[in-house]
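Asker: My questions all concern the structure below.
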Amino acid sequence: MSNFAVRAPWEDILFNKKLIEDVAAIAVDTALLQGVLMRTKEEPNTSEVVNYAPFSLLPSVVPRSLFEEAKAVQQDFNLLVDSVSQDFQFLKETLASTVKVDEFVAQLFKIYKQVLDEGMVQSVFLGINRSDYMFDCGPDGNAALKQIEINTIAASFGGLASRTTDIHRHVLNVLGKSEEASRLLSNRPSEGIAAGIAQSWKLYGSCKAIVMILVEDIQRNIFDQRYIENELWKRKIPVIRRTFCDVSKRASLDKDRRLYMDGQEVAVAYFRTGYMPQDYGAKGWEARLLMERSQAVKCPDIATQLVGTKKVQQELSRPGILERFLPTKPEAVNRIRKTFTGLFSLDMGEDGDKTVAMAIAAPDRFVLKPQREGGGNNIYGDKIKMVLEKDGRSEKRSSYILMDKIHPQPVKNYLLKVGGGLHLTECISELGIFGVYIRQERELLLNKQVGHLLRTKDVQYENGGVAAGVAVLDNPFLL
Ligand code: ADP
Ligand code: MG
């Protein structure tokens, strides 16, 4: 618990409209200078015209103790994800009801099973994840760190987040707050992520092999990925970018199931796509299967992607489950469990019936979540009632989980978005911590926390996401 000191040292300045206008113009130019960039909605596949990625004019106050708590639990989450990803029986049982009604999870699971039945040849495993939290504010004004979700595939903004600190440092300097500016934390997730990819490339053990980044057809967020890509080139590791469609047409396996793309051996396949049904297209599943069957280090392998589903998150919160995966680490179990809020199963049976009744009776207390990533899919308020009154008695309900709604204390800021104007806005923030780990066969060789991401959004939006156009990049100012 931590008392939420909502007063930022620059709060009075927020109401000085003229000064804010001047500083906002400086902030936007600084973002461009720092390379905090995105391609435009109109031309997402060329860098001829680019713009700044959305960001907040000022950093947001974050309680220091909760920030430290989030950082400290990251290695525990890395261990947990890695451990769960090696337990076929658990994943099978946990996802059984979901697989029946969710075509996307069913496809992933089918590939997972097929690869295990054939016998896995991948021996190096690289996890790059981001655990996201909000600061849940109780009636006594105390805040607690509560996990929203953990992203085990395509966790983004490690690149751009490595450049946003310098924007806020400059803005605070211009506002005469140089002491505060010097207290902003340095943050370089792109380096830690690239170091993880580089180490697994080396462990793969073929100096001519390459890293292949799997990318979407529409690539607005390319700059975020380029930071990581360029870090790899600096280490003399060749990188190519390919879509699932490219892979389905031009990739192959040799007799030892080494993966080749356009004639080059692939050491690491790093996915920045593949987390939504629409990422796959006609040939996408064939491409995914081919890569999964290969020796290449997949980041993530398909089991680790499944660990990131909301259904697994909910199951991990049941009594005794964390202990099963971290049997010799009671302190890690406690640290992890402390970040959980209420998570409820909607599987068929008595417990699921109770969850339905509870949600219909008080929909505003909860969030209803399908097994989807990428923002914009969650269901809130009266719509929860509608969905559960319709599907609450059928198996369809098990495509969702129910979660307690987290209530952060809103704070004022200006959210700078291209064409969005300048408005003083009530905002809430979500803190993400990046984790990287590497396992070779049974041995864990790396387990690190490599940086953070703060995203801030207008309180009136219930769903989040920077790529979805709702949230903006931000930095924590620890108090
Ligand atoms: P996705 O995989 O689509 O990112 P999330 O679980 O992260 O799904 O939810 C998307 C957004 O919805 C979050 O960024 C957050 O803003 C909001 N959200 C999710 N869960 C909760 C919750 N329990 N309480 C309040 N807001 C939530
Ligand atoms: Mg999310």
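The values are calculated or read from the model by the stated rules, or taken from the named source; none is laboratory data. Owing to the predicted nature of the structure, the values given are computational and were not obtained by experimental measurement. No Cβ is skipped: glycine too gets one built from the backbone with ideal geometry, and neighbour counts run over all protein chains shown.
Asker: List, please: which pairs have Cβ atoms under 9 Å, are six or more places apart or on different chains, and start with a residue in the stretch 102-127 that is without any contact (Cβ under 8 Å) to a residue 12 or more places away in the chain and end with one that is outside any helix (DSSP H, G or I)?
Answerer: Once the first residue is without any contact (Cβ under 8 Å) to a residue 12 or more places away in the chain and sits in the stretch 102-127, its partners that are outside any helix (DSSP H, G or I) give Met120/Asp301.
Asker: What is the residue count in the stretch 374-404 for residues that are within 15 Å of ligand 2 (Cβ to nearest atom) and either farther than 26 Å from Gly274 by Cβ or modelled with pLDDT under 95 (or both)?
Answerer: 5
Asker: Which of the following residues is within 16 Å of ligand 2 (Cβ to nearest atom) and not in a strand (DSSP E or B): Ala154, Ala96?
Answerer: Ala154
The rows are residues; the columns are (1) modelled with pLDDT under 95; (2) surrounded by fewer than 24 Cβ atoms within 10 Å (Cβ to Cβ); (3) assigned to a loop (DSSP other than H, G, I, E, B).
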{"position": "Glu426", "(1), (2), (3)": "no, yes, no"}
{"position": "Phe434", "(1), (2), (3)": "no, no, no"}
{"position": "Arg439", "(1), (2), (3)": "no, yes, no"}
{"position": "Leu446", "(1), (2), (3)": "no, yes, no"}
{"position": "Thr456", "(1), (2), (3)": "no, no, no"}
{"position": "Gln460", "(1), (2), (3)": "yes, yes, yes"}
{"position": "Asn463", "(1), (2), (3)": "yes, yes, yes"}
{"position": "Ala467", "(1), (2), (3)": "yes, yes, yes"}
{"position": "Leu473", "(1), (2), (3)": "no, no, no"}
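Asker: Would you be able to say whether some residue in the stretch 136-149 is in contact with a helix residue (DSSP H, G or I) (Cβ under 8 Å, 6 or more places away or on another chain), among the hydrophobic types (A, V, I, L, M, F, W, C), in contact (Cβ under 8 Å) with a residue 60 or more places away in the chain and more than 16 Å from ligand 1 (Cβ to nearest atom)?
Answerer: no
Asker: Has the stretch 381-400 got at least one residue that is within 16 Å of ligand 1 (Cβ to nearest atom), part of a loop (DSSP other than H, G, I, E, B) and within 19 Å of the chain's Cα centre (by Cα)?
Answerer: Looking through the stretch 381-400, none of the residues is within 16 Å of ligand 1 (Cβ to nearest atom), part of a loop (DSSP other than H, G, I, E, B) and within 19 Å of the chain's Cα centre (by Cα).
Asker: Given the criteria surrounded by fewer than 20 Cβ atoms within 10 Å (Cβ to Cβ), in contact (Cβ under 8 Å) with a residue 12 or more places away in the chain, in the same structural domain as Val297 (by TED's automatic domain parsing) and in contact with an Asp or Glu (Cβ under 9 Å, 6 or more places away or on another chain), does Glu430 qualify?
Answerer: no
Asker: Next question, about the same structure. List, please: which pairs have Cβ atoms under 9 Å, are six or more places apart or on different chains, and start with a residue in the stretch 378-400 that is at positive phi and end with one that is away from ligand 2 (no atom under 16 Å from the Cβ) and at pLDDT 95 or above?
Answerer: Gly381/Pro363; Gly381/Asp364
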